[in-house]
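Inspection log for the structure reproduced underneath, given as structure tokens.
Read the figures in this text as sums done on the coordinates, not as results from a lab. Predicted model only: the values in this text are computed from it and were never measured. In this analysis, Cβ positions are derived from the backbone assuming ideal geometry, glycine residues included, and neighbour counts consider all displayed protein chains.
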Amino acid sequence: MTDTKTILPSQNTTSIGNYGEEIATDFLRENGYEIIDRNWRHGHLEVDIIARKGEMLHFVEVKTRGAGSWITPEEAFDATKNRNMLRAVNGYIGRYNIDCEVQVDLVAITTEENGGVQINLYPDVVNIHW
């Protein structure tokens, strides 16, 4: 799923992650997701957004990159992040005794020089089906 919006991005690199998470939260709500939690922590690990759509619980990683970045947001979701997401999801499932289908999704956001953003949703990016 892809969407394009025109919003002026923050120029402060330390806030681009928060900026991306705000955009992703709005995008998910607009597409029928109920936001359950944000920035949920399991030790040093963090899940950016936890959302529900239908009977599925979604653990959403948000990656945001500016126009001209050396790597895409998709490339920033690497093997280490994949492992850490799996650990955090298992921690959430254990803590709250979750008994429904779950999946990890990636929302990749690229800010454009004209002030817009490109939003891509990649569902089920981590194999957690047991």
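Tabulated data
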| read-out | value |
| --- | --- |
| Value at 222 nm in deg cm²/dmol, rounded to 500, when DSSP H runs of n ≥ 4 in the chain each add -39,500 (n - 2.57) | -9000 deg cm²/dmol |
| Sequence-distant residues sharing a close amide H with residue 126 (under 5 Å, placed H) | 104 |
| C-alpha long axis of helix 16-30 to longest principal axis of the chain, angle in ° | 70 |
| Acute angle (nearest 10 degrees) that the helix 79-96 long axis makes with the longest principal axis of the chain, alpha-carbon atoms | 50 |
| Loop GluC sites (Glu not before Pro), the stretch 43-107, which have at most 14 other Cβ atoms in a 10 Å radius of their Cβ (DSSP) | 55, 101 |
| Inter-probe distance in nm under a simple model that places probes 7 Å from Cα toward Cβ, at residue 99 and residue 29 | 3.2 |
